[in-house]
Protein chains: 4
Amino acid sequence: MINNIVKKQEKYKENTKNRGRILITCEDRPGIVAAVSEFLTDHEANIIDSSQYSTNPEGGKFFMRIEFECPGLQDRKAQLERDFKAIATNFQMEWKLFFVSELKRAAIFVSKELHCLRELLLEWENGDLVAEIPLVISNHSDAKEYVESFGIPFVHIPASKENRAQAEQQQLQLLDEYNIDFVVLARYMQILTPNFVSSFNQNIINIHHSFLPAFVGAKPYDRAFERGVKLIGATSHYVTNDLDEGPIIEQDIKRVNHRDQVEDLKKNGRIVERSVLVRAVKWHNEDRIIVHGNKTVVF
Amino acid sequence: MINNIVKKQEKYKENTKNRGRILITCEDRPGIVAAVSEFLTDHEANIIDSSQYSTNPEGGKFFMRIEFECPGLQDRKAQLERDFKAIATNFQMEWKLFFVSELKRAAIFVSKELHCLRELLLEWENGDLVAEIPLVISNHSDAKEYVESFGIPFVHIPASKENRAQAEQQQLQLLDEYNIDFVVLARYMQILTPNFVSSFNQNIINIHHSFLPAFVGAKPYDRAFERGVKLIGATSHYVTNDLDEGPIIEQDIKRVNHRDQVEDLKKNGRIVERSVLVRAVKWHNEDRIIVHGNKTVVF
Amino acid sequence: MINNIVKKQEKYKENTKNRGRILITCEDRPGIVAAVSEFLTDHEANIIDSSQYSTNPEGGKFFMRIEFECPGLQDRKAQLERDFKAIATNFQMEWKLFFVSELKRAAIFVSKELHCLRELLLEWENGDLVAEIPLVISNHSDAKEYVESFGIPFVHIPASKENRAQAEQQQLQLLDEYNIDFVVLARYMQILTPNFVSSFNQNIINIHHSFLPAFVGAKPYDRAFERGVKLIGATSHYVTNDLDEGPIIEQDIKRVNHRDQVEDLKKNGRIVERSVLVRAVKWHNEDRIIVHGNKTVVF
Amino acid sequence: MINNIVKKQEKYKENTKNRGRILITCEDRPGIVAAVSEFLTDHEANIIDSSQYSTNPEGGKFFMRIEFECPGLQDRKAQLERDFKAIATNFQMEWKLFFVSELKRAAIFVSKELHCLRELLLEWENGDLVAEIPLVISNHSDAKEYVESFGIPFVHIPASKENRAQAEQQQLQLLDEYNIDFVVLARYMQILTPNFVSSFNQNIINIHHSFLPAFVGAKPYDRAFERGVKLIGATSHYVTNDLDEGPIIEQDIKRVNHRDQVEDLKKNGRIVERSVLVRAVKWHNEDRIIVHGNKTVVF
């Protein structure tokens, strides 16, 4: 099983060894696209895909994602980075340069509901979510056997209001040790402290089991049942210090009807939760998302 | 144009002259379905479609919609009604018997945004919404020419907080005069008083331009934009005295993205508003909805 | 892992020990519903859910699914079956009586693409697909380790045009030995002979990776790419002797665009294939499907 | 009514007076984006939106749509066009430059089914389809009164296999006279000759009432009913000389079930046909579509 995944990932890395991506945020002004595309031409890179968005063409914010193929990229990484800095400085850009064959490393946090974890591992096994998943952390032990059957280390860290600081310290140490790039809260039912959130700023992806901003907080399916809604939803968002208020990445819904009791809403909800979370994780993993204030630009 | 609609409706009435429907609400207990189906057999009626729902098979509420074909129905209406009363009394039912060829009469209320009105008239012209629409009332005159081009009387009744009571009195008089069965608020931007609501209890259908309970109240698209949602929605519900809190009939959504400004959300919203409202109106018109507390059973 | 599933299933069986279902097909004539509902009342059974459909109220085919709760059902199974026979004979019904706590037993057939198998096992683990899965058969060995990690026996039976008869004989023997009720072809890339099909008539569920009847046969994604479609689809159907022509159970689609190459269509297709197949399997498992000619009635 | 539309369009033209769009097709090679973005910078134009696609970054076809805001555009049109020619020649581009405030002129062809025509006029009235519609042509007179109520000239040209050449000559003369840019076949049930098609090459948009390539040809709903599909669809495509085989622009579907007879499929189909056609028409009208072989790139 693990061998298959490793084999698929090795093939992916070989196929993308010349592939890079740049994400840019800056004030909009004429000449940005020209400067970036000239830079790429000068480095013999061919643009594969390019998206841009401006909040307001006259003096707004400018966002760009550009994917390129650059022959011999592996030997030119440092040079590319150095040369782009000049442009970035000129336009006062916030920017990131990604090399596609350097897979991101994700840690999954989970509690007792395992459907989102299972979906992530299903897509990972399929080779449709191409990231490294070197660590699963849980405040319960339910997922242990399942996670370990994939050869992934599982760490049980009991967590509650009382021991939050201590548990998080242990978690952060593990994330550091395993060199984790981003954290997926796959129905992890604990609140994170500002300290934890700031350590992984814009790199913690949560799934909330409602169509936000409806049903912020606890027990959204019970409240959806009470209200008699005809659609239930799920929302994936970056975690901030305001509960369920972080930048929304993706949402989706599923039709329900009067026959559906709370248990049925949960059952239908599991289907939509897992598909929404996995889409958000894939987009983050493919460098498609730029956070802007409390919103996301998803290219 | 009008001749065509009249012709289609006459054909529909002829085709459904033996068609009836019963809607039932009562306490669940064994024997209800048997009693109702025996009643129909005794009257030589064949069941065409039948749906039932019980909130809890052990001592909950029971709901049923049954559609039947009864030869010679036009001459047996009174007798059917009389005979069913015995069963209804026995099971302490709330019930309604409808004769499908007796078309319902709907009045449409509209303000300045005309897309929902247009959709209703489009489906009405198509012959896909088979009801009589003898009256449109508006607090503005924008729709006058359009409505009258269909041969439908248009009455302009200016309405505001200040003259609400007086305007409603005039409206209620017209609804009475035109023998109206139900009212459709097709983006009618005025609040109705409890007096008006109780006069047409469970017969006023509104469209709210958000995915309730998100964005209750004014300017939902502006607030959806602020929050950065990835889906916008619309909700059709029966009007009660709690603003945007009435029993939900139908909801739907449309995908949007970071490029969509408030104006784009409104533009996309118009598409989903009109399809949601017209579905709710059709279901009401086909006696598919039973209100139960603050929820709807939609058969 | 397995213990959890067993525990969930035991709880389910306990909760449904008084629950039964009847599926009926017969010529439509007055009195069927009355007779069936009287039968249930006479046996102190309460109707939980009931659906019916008639192809033509005047002399068409009549279909019914009725779910009921009958106190002490476990001790009254034989009697119920005996007593219903009288009604069935009277109306010349084809019928089946199911006891919900007697879980169906499914065998999964798979080849090298494992996403559909994974989805089925994911929903099974969740407790959302409540069936026994005592056997997986494959013409390749790729799934062996994965299947066995769930404690499910995996049998590798090489199959090709050449050894089809012999391989099927071995398969049929296993299906018999494991007392299998229905077979799920979860991307099993072999054609079945009429002998095999007739042995499990209307109990073999396949997933075809296109929106049938578009792209019948091999390589549907390649052909979808060639045609430049904007939606790809998947279709789950009962297997008959006409390739991809059996009664359709469920279909769904996913939006694609000009950027999507054949590989992207396949990747998107995997998502829709697995959700369509699992819905079809659940409906079959819940006795919701009646086959009528080359179509399905799905209640 | 007409005054309102004119007012909305005047406002739109004023708002977009500096807005231009370029559509490009050429062989992919490094430097294209750089050249185009430099050209725009040199003319003080700011890029508002830009999309590109390459069939294969190594030697494939390159497609681009770029929308820009250029101060004083009205006085610089000729100069812009002249200066861009140099770049176009250098890269051997096929290209078009559009000035957004110059509204396109569409003619609608219709037969007896009016729902698509009604949807187009509904969106046009809303101000959500911003084009001029100076002409409706029909082989029947059913739509006459409706079309003229919008102040749009309606021309009845009887058409059949027998008089096709003659009817088309009259149609082409009218299209020329009214200076028509593109033709919408809104359920126009006549086949066009190669002569007509080549006169409006890639500017004739049809709606087919099935999910192509399923049910090519006549009576798709009857055949969908026969096959027992669970989804019906509609497809909008450019007209070529191969019936229902032209480049697909947009498709969508709607769920149906076993209860739906052919008439119900048609009724549901009308909803999806009109939404699919209007999306295709809007995209064409906004210069979002590039035809490439028998496919479309939709930006």
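FYI, it's all coordinate maths here, none of it is from the lab. Just so we're clear, the structure is a prediction, and the values are computed from it rather than from any experiment. Glycine gets a Cβ as well: all are built from the backbone with ideal geometry, and neighbour counts include every protein chain shown.
Quick one: 3J(HN,Hα) in Hz for the stretch D:54-61, Karplus 6.51/-1.76/1.60 with θ = phi - 60°, rounded, Gly and Pro as x.
Computed from phi, the couplings for the stretch D:54-61 are 10, 5, 6, x, 9, x, x, 8 Hz.
Pick out which of C:GLU119, C:GLU177, C:GLU67 has the largest mean-square fluctuation in a Gaussian network model of chain C, springs linking Cα atoms closer than 10 Å.
C:GLU177
Give, rounded to the nearest 20 debye, the magnitude of the charge dipole that the protein assembly as shown has about its Cα centre when Lys and Arg contribute +1 at Cβ and Asp and Glu contribute -1 at Cβ. Don't skip to the answer; put the middle values down first.
On the way: 152 positive and 172 negative charges, 0 e Å.
Dipole size: approximately 0 debye.
What dipole magnitude, in Debye to the nearest 20, does the stretch C:17-99 give about its Cα centre under +1 on Lys/Arg Cβ and -1 on Asp/Glu Cβ?
Values: 11 positive and 13 negative charges, 63 e Å.
Result for the stretch C:17-99 is approximately 300 debye, rounded to the nearest 20.
Hey, which lysines would be in cross-link range of A:LYS219, C-alpha to C-alpha under 21 Å, not counting anything within fewer than 8 residues on its own chain?
Here the lysines satisfying the reach criterion relative to A:LYS219 are A:LYS112, A:LYS161, A:LYS230, A:LYS254, A:LYS266, A:LYS267, B:LYS295.
How big is the stretch B:57-129 by the Kirkwood estimate over distinct Cα pairs, in Å?
On the way: mean 1/r = 0.0615 Å⁻¹.
Result for the stretch B:57-129 stands at 16.3 Å.
Sorted by average packing, counted as other Cβ atoms within 10 angstrom per residue and highest first, what order do C:2-10, D:215-223, C:182-190, C:133-141 take? Please list the in-between numbers first.
Values: C:2-10: 13.2, D:215-223: 16.7, C:182-190: 22.0, C:133-141: 20.0.
Ranked from most to least packed, the peptides come out as C:182-190, C:133-141, D:215-223, C:2-10.
From the gyration tensor of the Cα coordinates in the protein assembly as shown, what semi-axes in whole Å does the equivalent ellipsoid have, largest first, with each one equal to sqrt(5λ)?
On the way: eigenvalues 437, 360, 191 Å².
Its equivalent ellipsoid spans semi-axes of 47, 42, 31 Å.
Taking Cα centroids, how far is the stretch C:15-69 from the stretch D:21-49 in Å?
Cα centroid to Cα centroid, the span is 68 Å.
Compare C:HIS237, C:HIS43, C:HIS258 in a GNM of chain C, Cα atoms joined below 10 Å, and give the one with the largest fluctuation.
Largest GNM mean-square fluctuation: C:HIS258.
When we measure straight from the Cα of C:LYS8, which aspartates and glutamates land under 19 angstrom away, once same-chain ones fewer than 8 places off are left out?
Straight-distance partners of C:LYS8: A:GLU113, A:ASP142, A:GLU145, A:GLU263, A:ASP264, C:GLU102, C:GLU119, C:GLU123, C:GLU125, C:ASP128, C:GLU132, C:GLU286.
Any idea what the relative contact order of chain B is, in percent, if you count C-alpha pairs under 8 Å spaced at least 6 apart? Show your work: numbers first, answer last.
Details: 527 pairs, mean separation 44.9, N = 299.
Taking the mean separation of contacting Cα pairs over the length of chain B, I get 15 percent.
From the label point of D:HIS156, set 7 Å along Cα to the beta carbon, how far off in nm is each other copy's matching point, shortest first?
Nearest first, the other copies' label points are 3.5, 7.6, 8.3 nm away.
Would you calculate a helix-derived [θ] at 222 nm for chain D, using -39,500 (n - 2.57) for each DSSP H run of n ≥ 4 and dividing by the full residue count, to the nearest 500?
Numbers: 9 runs with 112 residues, N = 299.
Rounded to the nearest 500, the figure is -11500 deg cm²/dmol.
Starting from the exponent 0.38 and prefactor 2.2 Å, build the expected Rg for the stretch C:105-298 from its residue count and divide its actual Cα Rg by it.
Numbers: Rg = 16.1 Å, N = 194, 2.2 N^0.38 = 16.3 Å.
Here the answer is 0.99, to two decimals.
Residue by residue through the stretch D:155-161, what is 3J(HN,Hα) from phi via Karplus (6.51 cos²θ - 1.76 cosθ + 1.60, θ = phi - 60°)? Round to whole Hz and write x for glycine and proline.
So the J values, rounded to whole Hz, are 10, 8, 10, x, 9, 7, 3.
How far, in nm to one decimal, is C:ARG29 from itself in the other copies if the label point is set 7 angstrom along Cα toward Cβ? Shortest first, please.
Distances between equivalent label points, in nm: 3.4, 8.2, 8.9.
Dipole of the stretch A:175-299 (Lys/Arg Cβ +1, Asp/Glu Cβ -1, origin at the Cα centre): which of A:GLY269, A:ASN206, A:VAL229 lies farthest to the positive side?
The residue sitting most towards the positive pole is A:VAL229.
Quick one: among D:LYS61, D:LYS96, D:LYS161, which has the greatest mean-square fluctuation in a GNM of chain D with alpha-carbon springs under 10 angstrom?
D:LYS161
Quick one: with label points 7 Å out along Cα→Cβ, list the inter-copy distances for A:TRP95 in nm, shortest first?
2.6, 7.6, 7.7
What number, in percent, do you get for the relative contact order of the stretch B:198-256 if the mean sequence gap of Cα pairs under 8 Å and at least 6 apart is divided by its residue count? Please list the in-between numbers first.
On the way: 96 pairs, mean separation 21.9, N = 59.
Relative contact order for the stretch B:198-256 comes out at 37 percent.
Measuring from centroid to centroid over Cα atoms, what is the spacing of the stretch B:122-176 and the stretch A:89-149 in Å?
Computed from Cα coordinates, the inter-centre distance equals 57 Å.
Across all directions of projection, what mean area in square nanometres is found for the Cα convex hull of the stretch C:1-115? All intermediate terms of the calculation are to be shown ahead of the outcome.
Working: hull surface 40.6 nm².
Dividing the Cα hull surface by four gives the mean projection, 10.1 nm².
Using the Cα centre of the stretch C:105-298 as the reference point, and only Cβ charges (+1 on K/R, -1 on D/E), how large is the resulting charge dipole? Debye, rounded to the nearest 20.
Values: 22 positive and 27 negative charges, 151 e Å.
For this selection, approximately 720 debye.
Among A:PHE91, A:PHE68, A:PRO57, whose Cα projects farthest towards the positive end of the dipole of the stretch A:7-99, with charges put on the beta-carbon of Lys, Arg (+1) and Asp, Glu (-1)?
Most positive-ward Cα: A:PHE68.
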